[in-house]
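Q: Before anything else, here's the structure in question.
The values are calculated or read from the model by the stated rules, or taken from the named source; none is laboratory data. Just so we're clear, the structure is a prediction, and the values are computed from it rather than from any experiment. FYI the Cβ positions are ideal-geometry reconstructions off the backbone, even for glycines, and counts take in every protein chain you see. In case anyone asks, the SASA skips ligands and DNA or RNA and just uses the protein heavy atoms, side chains included. Shrake-Rupley method; radii C 1.70, N 1.55, O 1.52, S 1.80 Å.
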Amino acid sequence: MVKRVLVVMLVAVVAGGCASTPKGPSDAELVQQRIENFKAALLAKDVDKVLMNVSENFYHPEVGDKAGARDIMQQGIDSGFTEGGQVDLTNMQIKVEKDTATAYPIIASAAPGSVTVGLTLKKEKAKDGNLGWYITEINVEGI
């Protein structure tokens, strides 16, 4: 009888522990973190870290693929266009629908002026096999 009570108590504790275990961050929180990482890398002018947040499927009609984005970013840094750079996420709204997310408006400014940026992210597997949110599109207004 005592064994049965102990087993029932153990099962109740384990089941209760499972029910109260946190589920982890939401998709919106994961997107927010990806954008925060992207911002930090931009402000640090670390092109490699910036691109860690960008999908292998990235494409922009004016820039091309991820390699083209690397070249443009490095040229901007080398030319001084990023001096005094700031990225304001204060008014950014994140919308998640299935495995696509959008983030807008993001205000980016530097010595030449400011632009409003919108990001599209997709939930996909990275080269290392990990599932995560990665930037697939960058839309810039004000150039």
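Q: Probe radius 1.4 Å, ligands and nucleic acids left out: which of Ile72, Ile138 has the largest accessible area, and how do the rest follow?
A: Heavy-atom accessible area, descending, gives Ile72, Ile138.
Q: Which trypsin sites (Lys or Arg not before Pro) from the range 33-134 combine a DSSP loop assignment with at most 11 other Cβ atoms within 10 Å?
A: On the way: sites: Arg34, Lys39, Lys45, Lys49, Lys66, Arg70, Lys95, Lys98, Lys122, Lys123, Lys125, Lys127; in loops: Lys45, Lys98, Lys127.
Within the range 33-134, the qualifying trypsin sites (Lys or Arg not before Pro) (loop, at most 11 other Cβ atoms within 10 Å) are Lys98, Lys127.
Q: Note down the net charge around Lys127, summing +1 for each Lys or Arg and -1 for each Asp or Glu among other residues with Cβ under 12 Å from its Cβ.
A: Local net charge: -1.
Q: Counting only protein chains, not ligands or nucleic acids, how are Glu137, Glu97, Glu29 ordered by accessible area (probe 1.4 Å), most first?
A: The ordering from most to least exposed comes out as Glu97, Glu29, Glu137.
Q: While we're here: Please list Tyr134, Tyr59 from largest to smallest accessible area, probe radius 1.4 Å, with all protein chains kept in place.
A: Result of the area sort, largest leading: Tyr59, Tyr134.
Q: With the cut-off at 1.5 for a/c, could you classify the range 99-143 from its C-alpha gyration tensor as rounded, prolate or oblate?
A: Values: a/c = 3.95, a/b = 2.47, b/c = 1.60.
Prolate, since a/c reaches 1.5 and a/b exceeds b/c.
Q: On to the next question. Starting from the Cα-Cα distance between Lys98 and Asp27, subtract it from 0.36 nm times their residue separation and give me the gain in nm to one decimal.
A: Result for the pair: 24.6 nm of gain on full extension.
Q: Related question: Considering only protein heavy atoms, what is the solvent-accessible area of Val47 at a probe of 1.4 Å, reported in Å² to the nearest 10?
A: 10
Q: How much net charge surrounds Thr90 when only other residues with a Cβ under 14 Å from its Cβ are counted (Lys, Arg +1; Asp, Glu -1)?
A: -1
Q: Next question, about the same structure. Taking 0.36 nm per residue of separation and subtracting the Cα-Cα distance, what length does fully extending Thr90 through Glu124 add?
A: Numbers: separation 34, 0.36 × 34 = 12.24 nm, distance 2.66 nm.
Extra length available between Thr90 and Glu124 comes to 9.6 nm.
Q: State the Kirkwood hydrodynamic radius of the range 46-143 in Å, one decimal place, computed from all pairs of distinct Cα atoms.
A: 14.3 Å is the Kirkwood radius here.
Q: Now for a different question. What dipole magnitude, in Debye to the nearest 20, does the range 40-143 give about its Cα centre under +1 on Lys/Arg Cβ and -1 on Asp/Glu Cβ? Intermediate results must be reported in sequence, preceding the final value.
A: Details: 10 positive and 15 negative charges, 65 e Å.
With Lys and Arg at +1 and Asp and Glu at -1, about 320 debye.
Q: If the reach is capped at under 29 angstrom between alpha carbons, list the lysines near Lys66, excluding any in the same chain fewer than eight residues apart.
A: Hits, sequence-local ones excluded: Lys39, Lys45, Lys49, Lys95, Lys98, Lys122, Lys123, Lys125, Lys127.
Q: Further question: How much solvent-accessible surface does Asp48 expose, in Å² to the nearest 10, with a 1.4 Å probe and all protein chains in place?
A: About 90 Å², ignoring ligands and nucleic acids.
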